[in-house]
Ligand SMILES: *Cc1c(COP(=O)(O)O)cnc(C)c1O
């Protein structure tokens, strides 16, 4: 089986080698060093500042989204949520659960998020913006520069879910004025699921997090930051996934760092998008993340193609839910994939579509 899914993804030999070994005890100097070094490298790869922080949470990406929202906002806030797919809606669901007021900015299927749809909220007293840098369910890459400028001129905090965009698209934490960046292990980091990270700006730590009493013990960011100072976590972390993470961060560094990694992903995405020209497939017109290419089936039948690719060719694409089930599959460019893999995928698609 070869995974073209958005997560979990094909893992790399470096991390496969680490996974499956006997886990060490973690309240040790050695483990603290590994966690501290991982924090340093995640901060470096996000282009954040020395004084910013990164905390490690043992949960899937959604847990980290919830931790970010509850750690920074309360029912006294008023948030804007870019809602252009299932992950944007998840932000809304989290706000609903915690009684935090928000206005969704809906991005309709196939449409691009424009300046006009956010600028109409200028000067309306919003305190924060929640956005998925790449809305993985549609593959749309939002214009973070535009969103960042909007947040700056309105004095809003910017929460960026970069779960599928980190390492796939160029993201500048400091440059974009991001206050919380959410990352998770099973996407481009290509690790086992279960570990998520929040990169936190000094500004939001000082102005918000440190002044708030967390409504959650497990996700109390102040506890995580305090223990993190000595390379520890308040509760038992996903020890194995942290070891995989450290190996992966080293591998990325050895191969030229984050920019090189993004460039590689970009090239793979372009390679595939060029390759499928001539097949009876369309690619959406809105800006796309390098992480994933949505392929639209002119005559429907997407889900059946998904099943046939899996059963006949051993290739696993990402199916869509809801209205898009028969119209769209998604092909990822994250994880251990190479041009040859896309050659085989394209040939298989051609054969099945014929
Ligand atoms: C994968 C993903 C998530 C998190 O999903 P989990 O299943 O909770 O890990 C959140 N946001 C985006 C944009 C994602 O791609």
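Would the chain count as rounded, prolate or oblate if I go by the C-alpha gyration tensor, calling it rounded below 1.5 in a/c and otherwise prolate when a/b exceeds b/c, oblate otherwise?
On the way: a/c = 1.95, a/b = 1.23, b/c = 1.59.
Taking the square roots of the gyration eigenvalues as a ≥ b ≥ c, the chain is oblate.
Using Cα pairs closer than 8 Å and at least 6 residues apart in sequence, work out the relative contact order for the chain, in percent.
Values: 677 pairs, mean separation 88.1, N = 354.
Dividing the mean separation by the residue count of the chain yields 25 percent.
Extension gain residue 253-residue 152, at 0.36 nm per residue separation less the Cα-Cα distance, in nm?
Fully extending the segment from residue 253 to residue 152 adds 33.2 nm.
For residue 274 and residue 93, what is the calculated FRET efficiency with R₀ set at 41 Å and r taken between the beta-carbons, to the nearest 0.05? Walk me through the numbers before you get to the answer.
Working: r = 37 Å, r/R0 = 0.91.
E(calc), rounded to 0.05, equals 0.65.
Which shape class applies to segment 202-295: rounded if a/c is under 1.5, otherwise prolate when a/b exceeds b/c and oblate if not, where a ≥ b ≥ c are the square roots of the Cα gyration tensor eigenvalues?
Values: a/c = 2.92, a/b = 2.00, b/c = 1.46.
Note, shape of segment 202-295 comes out prolate.
If you count the DSSP beta bridges with both ends in segment 1-158, what percent of them are antiparallel, to the nearest 5?
Values: 2 of 12 bridges.
Looking only at bridges with both residues in segment 1-158, the antiparallel portion is about 15 percent.
Given only helices, namely DSSP H runs of n ≥ 4 each adding -39500 (n - 2.57), what is the per-residue ellipticity at 222 nm of the chain, to the nearest 500 deg cm²/dmol?
Details: 12 runs with 133 residues, N = 354.
Here the helix-only value at 222 nm equals -11500 deg cm²/dmol.
When averaged across all projection directions, what area in nm² does the alpha-carbon convex hull of segment 1-160 cover?
On the way: hull surface 49.6 nm².
Mean shadow area of the hull around the Cα atoms is 12.4 nm².
Which of rounded, prolate, oblate describes segment 263-313, given a ≥ b ≥ c as roots of the alpha-carbon gyration tensor eigenvalues and a/c under 1.5 marking rounded, otherwise prolate only if a/b is larger than b/c? Display every interim value, and only then the final one.
On the way: a/c = 2.09, a/b = 1.52, b/c = 1.38.
Prolate shape, in that a/c is at least 1.5 and a/b is the bigger ratio.
Would you mind getting me the FRET efficiency between residue 119 and residue 312? Use the beta-carbon distance for r and R0 = 56 Å, nearest 0.05. The partial results should precede the final answer.
Values: r = 49 Å, r/R0 = 0.88.
The formula returns an efficiency of 0.70 here.
Give the separation of the Cα centroids, segment 297-325 to segment 247-285, in Å.
Centre-to-centre distance over Cα atoms comes out at 22 Å.
Values in this text are rule-based calculations from the coordinates and carry no lab data. Just so you know, these numbers come straight off a predicted model, no measurement behind them. Reconstructed Cβ throughout: ideal geometry from the backbone, glycine too, with neighbour counts over all protein chains shown.
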